[in-house]
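Student: Questions regarding the structure given below will be posed in turn.
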Amino acid sequence: MTLTAKAEASGLDDIAAIFSGHHTLLDDPELLAAASELLQHEHCTAEYAWQQVLKELSQQYQQLDDEYLQARYIDVDDLLHRTLVHLTQTKEELPQFNSPTILLAENIYPSTVLQLDPAVVKGICLSAGSPVSHSALIARELGIGWICQQGEKLYAIQPEETLTLDVKRQRFNRQG
């Protein structure tokens, strides 16, 4: 099932539109032309050409002044990642959790958030990320707590350590 279909099946039409937008990028004539030009002039693989084109697009988003638009870089990175997984025929599996969990990471793709089970993943705590990213929007729609931009203090947390997320204040609390 595609990510768009998964979101639609869950009644998340706004979320489905995000992934529909990702598909639109796959058909963008300018991006395809840039990748084709790299293939012809650099004699490289399709994977390499696509990676270079989308990395450049991601960097352009990161340099924008508008915080909302700037946060779209993670969508481009997500699309790049999923495309490379497909092109290289790599098997990718999401982490499985046996008990309620707060997921810690530097950042997280929108597609990954959509595939998380909100009955088990109770929160996402990021060292980077953006509160206006599509990843954040999806987490909120799924009822998953979201805090971001926690910086290096996140790296001091030990596996199995008990945390609580204070979503309103955008911070986490260590227990014990």
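Only the coordinates and a few stated rules stand behind these numbers; no lab work does. Bear in mind the structure is a predicted one, so any value in this text is a computation, not a measurement. Glycine also receives a Cβ, built like all others from the backbone with ideal geometry; neighbour counts cover every protein chain displayed.
Student: Please sort by residue number the trypsin sites (Lys or Arg not before Pro) in segment 70-145 whose DSSP state is loop and whose Cβ has at most 13 other Cβ atoms within 10 Å.
Tutor: When the trypsin sites (Lys or Arg not before Pro) of segment 70-145 are filtered for loop state and at most 13 Cβ neighbours within 10 Å, Lys91 remain.
Student: Roughly how big is the chain's charge dipole about its Cα centre, with Cβ charges of +1 (Lys, Arg) and -1 (Asp, Glu), in debye to the nearest 20?
Tutor: About 800 debye.
Student: Would you mind estimating how fast segment 3-87 diffuses translationally, via Stokes-Einstein at 10 °C and 1.306 mPa s with the Kirkwood radius over Cα pairs, in µm²/s?
Tutor: Stokes-Einstein gives a translational diffusion coefficient of 115 µm²/s.
Student: For every other residue with a beta carbon closer than 12 angstrom to the beta carbon of Leu12, add +1 if it is Lys or Arg and -1 if Asp or Glu, then tell me the sum.
Tutor: Here the count lands on -2.
Student: I'd like the distance separating the alpha-carbon centroids of segment 75-100 and segment 10-44, in whole Å.
Tutor: For segment 75-100 versus segment 10-44, the Cα centre distance is 17 Å.
Student: Helix 73-87 against the longest principal axis of the chain: what's the angle in degrees, Cα atoms only, rounded to the nearest 10?
Tutor: 70
Student: In whole Å, what are the extents of segment 101-174 along the principal axes defined by its C-alpha atoms, from largest to smallest?
Tutor: Principal extents (Cα only, largest first): 27, 23, 20 Å.
Student: Moving to a separate point now. Can you compute log10 of I(q)/I(0) for the chain with the Debye formula, treating each Cα as one identical point scatterer, at q = 0.19 Å⁻¹?
Tutor: -1.32
Student: Test of understanding: ordering Cys148, Cys44 by Cβ neighbours within 10 Å, fewest first, what list do you get?
Tutor: With the sparsest Cβ surroundings first, the list reads Cys44, Cys148.
Student: How would His41, His134, His23 line up from fewest to most surrounding beta-carbon atoms within 10 angstrom?
Tutor: His41, His23, His134
Student: Now, a different point. If the reach is capped at under 20 angstrom between alpha carbons, list the lysines near Lys91, excluding any in the same chain fewer than eight residues apart.
Tutor: Lys6
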